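Following: one structure in structure tokens, then a few remarks.
The values are calculated or read from the model by the stated rules, or taken from the named source; none is laboratory data. Bear in mind the structure is a predicted one, so any value in this text is a computation, not a measurement. Please note: Cβ atoms are built from the backbone with ideal geometry, for glycine as well, and neighbour counts cover all protein chains shown.
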Amino acid sequence: MAFQLLLFIAFATYLMAPELTGATATKTKTQVTNNSGVTPSGQCGAWVKEPEGGHFTSPNYPEKYPPERECIYIIEASPRQCIDLFFDEKYSIEPSWDCKFDHIEVRDGPFGFSPIIGRYCGRESPMYVRSSGRYLYIKFVADGELEAIGFSARYNFTPDPEFKGLGELPALPFCEFELSGPEGFVESTQITREKRALPTEAVDCRWYVRAPPRAKIYMRFLEYEMHNSNECKRNFVAIYDGSSSVEHLKNKFCSTVANDVMLTSSLGVVRLWADEGSRKSKFKILFTTFLDRK
């Protein structure tokens, strides 16, 4: 029955698709199955953090890229910076209607669901791209047919106009905490109580909550207030499930409400980002660890 349903969906999609001419009208594309997110540097895709800018390319550039690839590149700028992205003129990606086959996808943020800036293919290099914040997400997809030379892209960083006149942030103080046990509290007051930062300093603090192996963690907000609510570039509380890497982000709160969070791993990370003018932001979280008997 499932196989029949898949055949019906495929046939219906074919009937509804716009008419195409040439080779793309009759091509049957192979699905790219790798969708694991950020991949290690040196492989297809990278988490890019070079402070002075840099570049990246499609695999094998300027030779033809290989088939069956999905490469994800995430660029991260420092606080109060944006990203300028430029594609070199020596550029070619298999053309198709709406770039539905081989393509580059650029999103304004660090995730595959961040707002899309553009989707590109063909032989005309994409236009200059600027992010609205600290991150850009770039995905390159190649199917099983008709490869081309691909792309080379370079990037640099520029001041975020929302913080014009404030200059760059000074070096942030080291601010990390280790917590464990069956339950406990994650509190923003620990920052000043344990003298990790002055009340006038910007902070990027992380609390690592460790549960026993195979246990899970439940986090409940008892107190929560962002000094500059709805200004995520100035202050937020984020919760990660498994590590503090962006691909493990579970929830991010910067408005007037924060919801309870259930984690599926035995490591939870709570992060508070607050610039100098947002240090009155505060929260208190009760964490509870438990073994899932299912």
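Observations on the structure shown:
- Residue within segment 246-255 that is crowded, with 18+ Cβ neighbours inside 10 Å and basic (K, R) present: no
- Candidate set: segment 189-235, residues that are polar (S, T, N, Q) and farther than 25 Å from A77 by Cα; chosen: the one surrounded by the most Cβ atoms within 10 Å (Cβ to Cβ): Q190
- Residues of segment 168-178 that turn out to be surrounded by 17 or more Cβ atoms within 10 Å (Cβ to Cβ) and assigned to a strand (DSSP E or B), as a count: 0
- When segment 93-116 is limited to residues that are touching a Phe, Trp or Tyr at 6+ places or on another chain (Cβ under 9 Å), of a type in the set (A, V, I, L, M, F, W, C) and assigned to a strand (DSSP E or B), the one that is modelled with the highest pLDDT turns out to be V106.
- R196 passes every criterion in (1) over 14 Å from D275 (Cα atoms); (2) free of Cβ contacts under 8 Å to residues at least 24 places away in the same chain; (3) out of contact with any Phe, Trp or Tyr (no Cβ under 8 Å at 6 or more places or on another chain) apart from (3).
Per-residue answers, yes or no, for (1) within 28 Å of F111 (Cβ to Cβ); (2) touching a residue at least 12 places away in the same chain (Cβ under 8 Å); (3) not in a loop (DSSP other than H, G, I, E, B):
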{"position": "V186", "(1), (2), (3)": "yes, yes, yes"}
{"position": "T192", "(1), (2), (3)": "no, no, yes"}
{"position": "R206", "(1), (2), (3)": "yes, yes, yes"}
{"position": "L222", "(1), (2), (3)": "no, yes, yes"}
{"position": "K233", "(1), (2), (3)": "yes, yes, no"}
{"position": "V237", "(1), (2), (3)": "yes, yes, yes"}
{"position": "K250", "(1), (2), (3)": "yes, yes, yes"}
{"position": "N259", "(1), (2), (3)": "yes, yes, no"}
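- Residue in segment 47-66 that is farther than 30 Å from A171 by Cβ, modelled with pLDDT of 85 or more and among the β-branched types (V, I, T) present: yes
- Residue in segment 269-276 that is at pLDDT below 95, part of a strand (DSSP E or B) and over 24 Å from the mean Cα position of the chain (by Cα) present: no
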